[in-house]
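The values are calculated or read from the model by the stated rules, or taken from the named source; none is laboratory data. On a predicted model such as this, the values are computed, not experimentally measured, just so you know. Ideal geometry is used to build each Cβ from the backbone, glycine not excepted, and the neighbour counts take in all protein chains shown.
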């Protein structure tokens, strides 16, 4: 039986959390502890919630709850990315690249939630 680490959703969200962590290390000092910290938490929350929910997948209700929390964190990341761009901490190109990745992750989460809705 495959574990949560075998899922593309987990791999992609984990990879993005690492990328966001690295990018926010370059923010101005105050923003590393403010906006950067929020971004690191939100980005890490996606694979964390997926992994924790996967551990409770025997309960469809519990699993879906964790998927919904991951969706919320994904939406939060999109807003935080907009703030980072508008405060000139991210270039337009980097913003677009990260936003596209989080759009993909969001779609993956939504499809997963829909699949589990039937249970």
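Consider segment 14-36 and keep the residues that are farther than 17 Å from residue 94 by Cα and buried (at least 17 other Cβ atoms within 10 Å of the Cβ). The one that is modelled with the highest pLDDT is 14.
One residue alone among 80, 90, 98, 112 is over 17 Å from residue 43 (Cβ atoms), touching a helix residue (DSSP H, G or I) at 6+ places or on another chain (Cβ under 7 Å) and surrounded by 18 or more Cβ atoms within 10 Å (Cβ to Cβ), and that residue is 112.
Looking across segment 60-71 at every residue that is within 21 Å of residue 3 (Cβ to Cβ) and either in contact (Cβ under 8 Å) with a residue 40 or more places away in the chain or in contact with a strand residue (DSSP E or B) (Cβ under 9 Å, 6 or more places away or on another chain) (or both), the one that is surrounded by the most Cβ atoms within 10 Å (Cβ to Cβ) is identified as 70.
Only one entry of 41, 57 meets the criterion of being surrounded by fewer than 17 Cβ atoms within 10 Å (Cβ to Cβ), within 16 Å of the chain's Cα centre (by Cα) and farther than 17 Å from residue 95 by Cβ, and that entry is 41. When residue 75 is tested against (1) surrounded by fewer than 18 Cβ atoms within 10 Å (Cβ to Cβ); (2) more than 23 Å from residue 112 (Cβ to Cβ); (3) without any contact (Cβ under 8 Å) to a residue 60 or more places away in the chain, exactly one condition is not met: (2).
A search for C-beta distances below 9 Å between a residue of segment 21-39 that is without any contact (Cβ under 8 Å) to a residue 12 or more places away in the chain and any residue that is in a loop (DSSP other than H, G, I, E, B) and exposed (fewer than 12 other Cβ atoms within 10 Å of the Cβ), counting only pairs 6+ apart in sequence or on different chains, returns 32/25; 32/26. Taken over segment 9-20, the criterion of being out of contact with any helix residue (DSSP H, G or I) (no Cβ under 7 Å at 6 or more places or on another chain) and touching a residue at least 60 places away in the same chain (Cβ under 8 Å) is satisfied by 19 alone.
Among the residues of segment 40-57, just one is touching a residue at least 12 places away in the same chain (Cβ under 8 Å) and assigned to a loop (DSSP other than H, G, I, E, B), namely 55.
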